[in-house]
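Okay, structure first, notes after.
The values are calculated or read from the model by the stated rules, or taken from the named source; none is laboratory data. Because the structure is a prediction, the values reported are computed rather than measured. Note: ideal-geometry Cβ built from the backbone for every residue, glycine included; neighbour counts use all protein chains shown.
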């Protein structure tokens, strides 16, 4: 077990190191930031000074070494655009993103779990068919379109909810439903599949024979058996939501990391791009790692393979 | 992520988390029909479309659909902000959306399969390196990576396809590697080895065909995903650019008009949903047939 | 922050503490008791004045008036800082911190008298010494003023004559000097700048404008406060919050819901539905933000090097129809490269008019190569309303006369790298472009837009260059006007670009307010916002 843990940690660190290269190169490939931070009146000397100030005039491999050294100290550099530490800017934006992902996750569970269980209990019924339709719709609707349609209905046609922005509970409704609906589709299908399996298991069949009330069987035993893959999947889904929120954040003007990253890319703000991507990636990787470890603990076959 | 990942439901591109086999018996007729229709529209779109999709008509701006007051049969689905026929644009959009999605899946699949095959079969350093790169690519949410790539490489169809390839090859590599690792241990491969065949022929002739069904299923499921990715990029303004038309682009350009002309956002959105649902249904059906163990 | 807190905070400045770095305290204690403002009413107590919330689209790049990065930052500087001269309520140059000036007959020296009641937000009076320092800091190499070349570098000396009088000596005659004083030479406090360490304005941008800086949260908001001791433009509002909301729809929704009193940069498409709401008025003001198509007359499609071809292209585009379709009428159509209110751009020229047949005929006669498509570069994600639609519309008109087009839309950053590249890309034939004149003087833009080798110039003509070099070398305004008119007439013939329109600044304003936005400045100047009576 300890060896498995160490191997996974080691692999994660190697992956992280590769990521730094990937991010660093990607950011630099996006182009020259000078026309975006300096006015058109600026002279060539001004531009050269800017590049020198941020070390952009040095060979790329040297820049990378400096970048890596600073990152290890937690320093992601100063934003070209906002002249504040990039890491602080990203940190300020991660709160809204985590909140949105969390609330969306909750929506996904509240929608997906009951639907999946209901469908598993009545295979072949119209209810199961409806749930199937719901899930495939959820998978197929791009979040930006869901969001726009929700805005159209609930903020423009019947103005009951704010179309965008951040701050109040009402602001959460539309973006969280948008993301939650999307995530609920896979939660539904997963719950359905695992519940079906659990209901078929000898254990549950036996309980049925023993005459234990159906409700109790479902809630207490079948669900418990089905919950391990569901819970681990939710963990992964949370990671996906963190990154997947980019478009939703854009649609609802949500001040999160996704928005910040898109802006930073458009502004050629390398330090912010690097900090935002690194932070998201580390979060996602940590979640994946924890999920993997959980799986290994609960299912010993994994760590041996 | 190791072999464990392949067993985890809902991972590695299994959009529905695997193991659902309901309706595996008969093909989803409606979805297949839609897919075929889209392919026809993509191939012969120019002949069907009533108008040239990017021809502006400044006398017919924002004409509503035929059945809405003020609409006419000349533009059954209405016109956009430059007076272009929505129906013709949707048909033209099918072409671009399918082309980019198809090409991206094909290219990503090829690269991923090649690397996955190499990693799985050769093992050792190659495997370690490839799999860590795969992990790095998978740790980044694909839309973020796509955004950075687009900003770096620029927009345009060719670049969008390249970007989509770069963002999806890793999943194929991971799938193929895990397939290969399991196939490698089977008797016929060991036999081929004993018979003195060299690695490349073994990989191509004996291992690849056995992994092909999984790859195919992942590929079909990926088309829907690719359509959504392309439309999301276009929606953010970093995807397909005019005068090409994609559904995502049409949606993005129509967005500001939502309060005055709903049809600019509703039609392209419906087209995306219908297309993705159909490809997903087809993929699910294939998966149920070819992959009863639900490893995808 | 209460008055007492503000005084306390400013009494013990803490320049090194990063936590309160962005928080600048105002000094308005002692002096407030004395009514300074000459024409203004006795300032009411700050607490009594209502707050104002304005939703804007972009955040600042810098707070330092010597490091302004471009037009997007002026929503801040135009409200917090002032020059000796600047735009009045009608957008015409008028004395601001100066009360009056005299110019020497040779145009090489200007003598300014400062207003007796002009004060910095710190409460200190503005002196001739501050004017001298403002020049010195603006040109000092360590300041790294990227726009020094426009005005301040041409100042030979600022002589302090007495507390309130100074003489500005120029190296060369510069007819654009007074016009540019508003945007290129803000007056700053010597005391503040010298005491403030390396980047005094990053922490506390103290100016003289009608609004004083209070606090800023990057990407979120900027808080200002009506400056009661202003020499004349005392705002009716106490705390002013500039909320940064980049998304158009969300920003516009702010005024619909009443969360903001004013929203800026309303896209034309959203203006019409806004107009129908009972609680919102749509206010528009002409701006100097020009939209045009630059033609690559240097190294693109060879046909474009001919002036007759470029004129024909001007005839091929139905500007009026395009303006109606894309801008929904929220723009002023242009026949010349600039708005007619730009100095000298009022020359009588014959508009090309929309004449596709004639255009086609000229092109055929000129032997234009129709086989080679024109490559159009556009802004995919831009800062200009309807940029994508406009370029697609232009392409559609070109297609109608048989020219094939290939559009390439880039995001703003990539677009500006190509448009402003030193070596122009030969694979680009036309560029959708926008250029904002900061004031009514044409020299800044012409020097960058058409002079050989300039940042945004895709055109080269020694004759035009010679005229441009002489353009500012006039002491007599009337002589200069005649000359500049000739220059614009020549440019009309040369047609290095296809002028389309200047966009209107569109604001959504709550019904409870009355406001006439300053025309021709392309940013909101807020001191004259009043409550509707």
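Just a yes or no: is a residue in the range A:161-172 surrounded by 13 or more Cβ atoms within 10 Å (Cβ to Cβ) and either assigned to a helix (DSSP H, G or I) or touching a strand residue (DSSP E or B) at 6+ places or on another chain (Cβ under 9 Å) (or both)?
Checked the range A:161-172: at least one residue is surrounded by 13 or more Cβ atoms within 10 Å (Cβ to Cβ) and either assigned to a helix (DSSP H, G or I) or touching a strand residue (DSSP E or B) at 6+ places or on another chain (Cβ under 9 Å) (or both).
Run down A:194, A:225 and say which single residue is over 25 Å from residue C:252 (Cβ atoms), in contact with a helix residue (DSSP H, G or I) (Cβ under 7 Å, 6 or more places away or on another chain) and surrounded by 20 or more Cβ atoms within 10 Å (Cβ to Cβ).
The unique qualifying residue is A:194.
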Out of the residues in the range A:277-290 that are in contact (Cβ under 8 Å) with a residue 40 or more places away in the chain and at the interface with chain B (Cβ under 8 Å from one of its Cβ atoms), which is nearest to residue A:13 (Cα to Cα)? A:285
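A quick yes/no check of all residues on (1) buried (at least 19 other Cβ atoms within 10 Å of the Cβ); (2) outside the structural domain of residue C:132 (by TED's automatic domain parsing):
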position: C:198; (1), (2): no, no
position: C:205; (1), (2): yes, no
position: C:217; (1), (2): no, no
position: C:233; (1), (2): yes, no
position: C:238; (1), (2): no, no
position: C:255; (1), (2): yes, no
position: C:273; (1), (2): no, yes
Unmet requirement for residue B:142, which otherwise passes all of (1) more than 8 Å from chain A (Cβ to nearest Cβ); (2) under 17 Å from the mean Cα position of the chain (by Cα): (1)
Within the range C:411-423, which residues are more than 7 Å from every other protein chain (Cβ to nearest Cβ) and crowded, with 22+ Cβ neighbours inside 10 Å? C:415, C:419
Taking only the range C:260-290 into account, find how many residues are within 14 Å of residue C:512 (Cβ to Cβ), in a loop (DSSP other than H, G, I, E, B) and more than 14 Å from chain B (Cβ to nearest Cβ). 4
In the range B:145-155, the residues that are without any contact (Cβ under 8 Å) to a residue 12 or more places away in the chain and at the interface with chain A (Cβ under 7 Å from one of its Cβ atoms): B:148, B:152
Go over the candidates C:487, C:491, C:468 one by one and state the one that is touching a helix residue (DSSP H, G or I) at 6+ places or on another chain (Cβ under 8 Å), over 30 Å from residue C:102 (Cα atoms) and in a helix (DSSP H, G or I). C:491
Can you tell me which of A:74, A:102, A:95, A:124 is surrounded by fewer than 17 Cβ atoms within 10 Å (Cβ to Cβ), more than 12 Å from every other protein chain (Cβ to nearest Cβ) and part of a loop (DSSP other than H, G, I, E, B)? A:74
Would a scan of the range B:248-258 turn up a residue that is facing chain A (nearest Cβ under 9 Å) and within 13 Å of the chain's Cα centre (by Cα)? no
If we keep just the residues of the range C:314-349 that are closer than 25 Å to residue C:402 by Cβ, more than 14 Å from chain B (Cβ to nearest Cβ) and out of contact with any helix residue (DSSP H, G or I) (no Cβ under 7 Å at 6 or more places or on another chain), which is modelled with the lowest pLDDT? C:335
Report, by residue number, each residue of the range A:180-195 that is under 14 Å from residue A:127 (Cβ atoms) and within 8 Å of chain B (Cβ to nearest Cβ). A:192
Only residues that are in contact with a helix residue (DSSP H, G or I) (Cβ under 7 Å, 6 or more places away or on another chain), in a loop (DSSP other than H, G, I, E, B) and more than 30 Å from residue A:257 (Cα to Cα): list them for the range C:196-245, please. C:196, C:206, C:207, C:209, C:210, C:228, C:229, C:238
Quick check: is even one residue across the range B:63-78 in contact with a helix residue (DSSP H, G or I) (Cβ under 9 Å, 6 or more places away or on another chain) and under 26 Å from residue B:168 (Cβ atoms)? no
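With respect to residue C:130, is the statement that it is surrounded by 23 or more Cβ atoms within 10 Å (Cβ to Cβ), closer than 30 Å to residue C:286 by Cα and touching a helix residue (DSSP H, G or I) at 6+ places or on another chain (Cβ under 6 Å) true?
Numbers: surrounded by 23 or more Cβ atoms within 10 Å (Cβ to Cβ): yes; closer than 30 Å to residue C:286 by Cα: no; touching a helix residue (DSSP H, G or I) at 6+ places or on another chain (Cβ under 6 Å): yes.
Here the answer is no, as residue C:130 does not meet what is asked.
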